[in-house]
Amino acid sequence: MAKDRIFAQPLEKIGDFKFDENVASVFDDMIRRSIPIYEKIIFMLRILAGHYVKPNSNCYDLGCSLGASALSIAGGITQPDCKVFAVDLSEPMIRRCCDNVATVKPPTPVVVMCDDIRNIAIEKASMVVLNFTLQFLPPEDRDELLKKIYDGMLPGGVLVLSEKITHDNPVTRELLIDIYHDWKRSNGYSDMEVSQKRTALENVLKLDTMPYHLERLEKIGFKDCAQWFQCFNFASILAFK
């Protein structure tokens, strides 16, 4: 596994964070050292798929990166005639996703697509995953995407929405940020790496609060919306149609 050292040297100009070749080449290391609940969510997707994926239905991993969520879902499906669609706009990510799918050869077919998730038709979906993806979309596009997902889901289908969240209370917000940065340092990132990556994400990562996420999902029509994981300022929601 290549080590993430993208921000290990001082940069004269820090541009916006992009899922380019540099990020794709170290993504496995980056994500595991940057999101404390990532591996647990990936593991649990397999279990959720076994519970909620229906026969003759589709599953979607929107913003699939290297395909970890899609492969976990595919490995947990016990019902016949299902497909998993793994979608990402980053060509470097998709190339590696295709390689991972070819290597794993999951029992349920995984269809890999290089496209904007806002362009994808959601049909006969019994499980949809947005694993730290919605936060990178412009805020004005989020409701429409979630509504499209809801409309394309089967009754009883589950949406797994994982996000980095913010807090209205400034004391809580800064406390969790500080603790999170300490955790990143414990994973080998330097103060400079933490600071430079935070700057790179400022213009592309627009965060919502947990109450806002839950209220928006319920307005769209999702029921039984519940936060099922949180560590620091990272959380995941289950929402059912």
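Observations, loosely collected:
- A Cβ distance below 7 Å, combined with a sequence gap of six or more or placement on separate chains, defines the contacts here; from segment 41-62, residues that are over 17 Å from Val87 (Cβ atoms) reach residues that are acidic (Asp, Glu) and open to solvent by 20 Å² or more (accessible area, probe 1.4 Å) in the pairs Pro55/Asp81; Asn56/Asp81.
- Taking segment 83-173 and the strands (runs of 3 or more DSSP E) fully enclosed by it, the elements with 1 or more residues that are surrounded by fewer than 14 Cβ atoms within 10 Å (Cβ to Cβ) are at 110-114, 153-166.
- So Ile31, is it surrounded by fewer than 20 Cβ atoms within 10 Å (Cβ to Cβ) and closer than 20 Å to Val194 by Cβ: yes
- In segment 177-188, the residues that are without any contact (Cβ under 8 Å) to a residue 40 or more places away in the chain reach residues that are part of a helix (DSSP H, G or I) and open to solvent by less than 50 Å² (accessible area, probe 1.4 Å) with C-beta atoms within less than 6 angstrom, at least six apart or across chains, in these pairs: His181/Val194.
- Residue satisfying all of: in segment 216-241; in a loop (DSSP other than H, G, I, E, B) and under 22 Å from Tyr38 (Cβ atoms); least open to solvent (accessible area, probe 1.4 Å) among these: Asn233
- Of the residues making up segment 191-215, those that are more than 14 Å from Gln135 (Cα to Cα) and either exposed (fewer than 13 other Cβ atoms within 10 Å of the Cβ) or not small (Gly, Ala, Ser) (or both) number 11.
- Asp61 meets each of the listed conditions (1) surrounded by 22 or more Cβ atoms within 10 Å (Cβ to Cβ); (2) outside any strand (DSSP E or B) apart from (2).
- In segment 1-26, the qualifying residues are those that are in contact with a Ser or Thr (Cβ under 6 Å, 6 or more places away or on another chain) and not small (Gly, Ala, Ser), and the one that is most open to solvent (accessible area, probe 1.4 Å) is Phe19.
- Of all residues in segment 140-161, those that are within 13 Å of Glu218 (Cα to Cα) have Cβ atoms under 9 Å from Cβ atoms of residues that are surrounded by 13 or more Cβ atoms within 10 Å (Cβ to Cβ) and among the basic types (Lys, Arg), 6 or more apart or on another chain, in Asp143/Arg216; Leu146/Arg216; Tyr150/Lys241; Leu159/Lys241.
- Boolean, Asp29 is over 13 Å from the mean Cα position of the chain (by Cα) and charged (D, E, K, R): yes
- Residue list for segment 65-81, filter: of a type outside the set (Asp, Glu) and either open to solvent by 20 Å² or more (accessible area, probe 1.4 Å) or free of Cβ contacts under 8 Å to residues at least 40 places away in the same chain (or both): Ala68, Leu71, Ser72, Ala74, Gly75, Gly76, Ile77, Thr78, Gln79, Pro80
- Of all residue pairs spaced 6 or more apart or on separate chains, those with beta-carbon atoms under 9 Å, a first member in segment 96-110 that is in contact (Cβ under 8 Å) with a residue 60 or more places away in the chain and a second member that is of a type in the set (Phe, Trp, Tyr) and surrounded by 13 or more Cβ atoms within 10 Å (Cβ to Cβ) are Arg96/Phe27.
- Qualifying positions in segment 1-48 - within 25 Å of Phe229 (Cα to Cα) and either in contact with a Cys (Cβ under 7 Å, 6 or more places away or on another chain) or among the hydroxyl-bearing types (Ser, Thr, Tyr) (or both): Ser34, Pro36, Ile37, Tyr38
- Every residue from segment 138-178 that is hydroxyl-bearing (Ser, Thr, Tyr) and touching a Phe, Trp or Tyr at 6+ places or on another chain (Cβ under 6 Å): Ser162
The values are calculated or read from the model by the stated rules, or taken from the named source; none is laboratory data. Only a predicted model underlies this, so the values are computations on that prediction, with no experimental measurement involved. Here Cβ is always computed from backbone atoms with ideal geometry, including for glycine, and neighbour counts include all displayed protein chains. Note: areas computed on protein heavy atoms with side chains; ligands, DNA, RNA excluded. Shrake-Rupley method; radii C 1.70, N 1.55, O 1.52, S 1.80 Å.
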